[in-house]
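These notes are about the structure you will find just below.
The values are calculated or read from the model by the stated rules, or taken from the named source; none is laboratory data. Fair warning: this is a prediction, and the values are worked out from it, not measured in the lab. Every residue, glycine among them, receives a Cβ derived from its backbone with ideal geometry; neighbour counts consider all protein chains shown. Side chains included, ligands, DNA and RNA excluded: accessible areas come from the protein's heavy atoms. Shrake-Rupley method; radii C 1.70, N 1.55, O 1.52, S 1.80 Å.
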Amino acid sequence: MRPALPAGQKRTRRKHVLFSPEEWATVEQRARECGVRANCYIRETVLGTVPRARPNGATRELVVAINRIGNDLNRLARIANENGDLPSEAEFDVLREELMEVLARVVGVGGGGKAGVGTTPRRPEAKATSA
């Protein structure tokens with residue numbers, strides 16, 4: 001993504017830079033990993049802001065799952081702080097199970113060799129009760 005310029009300023013300077021085919025392939029690959037075009041990647045890198053690679057599909061799915069668990073834990077903590085009541089054991093059990101499943105996916109082990117991204121079903125509602 002191109003950094004915004006202050007109002008009234010335009011990019012008017014064009015420079016011609018030569019790359020070997022291997023160098024250009026590297027620039028394009030790194031730009032793709034960061035989700036930007038090569039020209040934006042070069043500009044940002046030269047100006048001192050090295051773009052960060054975006055997580056690929058598998059990694060992104062794990063990051064989303066971990067973030068969801070964190071959000072749910074924060075929600076339970078907020079309820080406990082507001083009311084003084086601790087959430088039910090069943091709510092904690094649901095989050096613990098989900099966390100264990102995600103951790104198994106991260107380290108590549110799990111139930112019957114079926115670990116991997118996309119193998120964990122959507123968790124039940126946090127208000128589920130244990131039998």
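Counting only helices (runs of 4 or more DSSP H) that sit completely within the range 38-131, those holding 2 or more residues that are modelled with pLDDT under 80 and not hydroxyl-bearing (Ser, Thr, Tyr) correspond to 57-83, 89-107.
Going through (1) in contact (Cβ under 8 Å) with a residue 40 or more places away in the chain; (2) open to solvent by less than 70 Å² (accessible area, probe 1.4 Å) one by one, Thr45 falls short only on (1).
Among the residues of the range 28-35, is any under 24 Å from the mean Cα position of the chain (by Cα) and of a type in the set (A, V, I, L, M)?
Yes: the range 28-35 contains one or more residues that are under 24 Å from the mean Cα position of the chain (by Cα) and of a type in the set (A, V, I, L, M).
Apart from one condition, Glu22 fits all of (1) outside any loop (DSSP other than H, G, I, E, B); (2) open to solvent by 90 Å² or more (accessible area, probe 1.4 Å); (3) touching a residue at least 12 places away in the same chain (Cβ under 8 Å); the exception is (3).
Take Gly70 and decide whether it is on the phi > 0 side of the Ramachandran plot and open to solvent by less than 60 Å² (accessible area, probe 1.4 Å). Here the answer is no, as Gly70 does not meet what is asked.
Could you list, in sequence order, all residues of the range 25-37 that are under 13 Å from Ala53 (Cα atoms) and either assigned to a helix (DSSP H, G or I) or open to solvent by 60 Å² or more (accessible area, probe 1.4 Å) (or both)?
Selection gives Val27, Glu28, Gln29, Arg30, Ala31, Arg32, Glu33, Cys34, Arg37.
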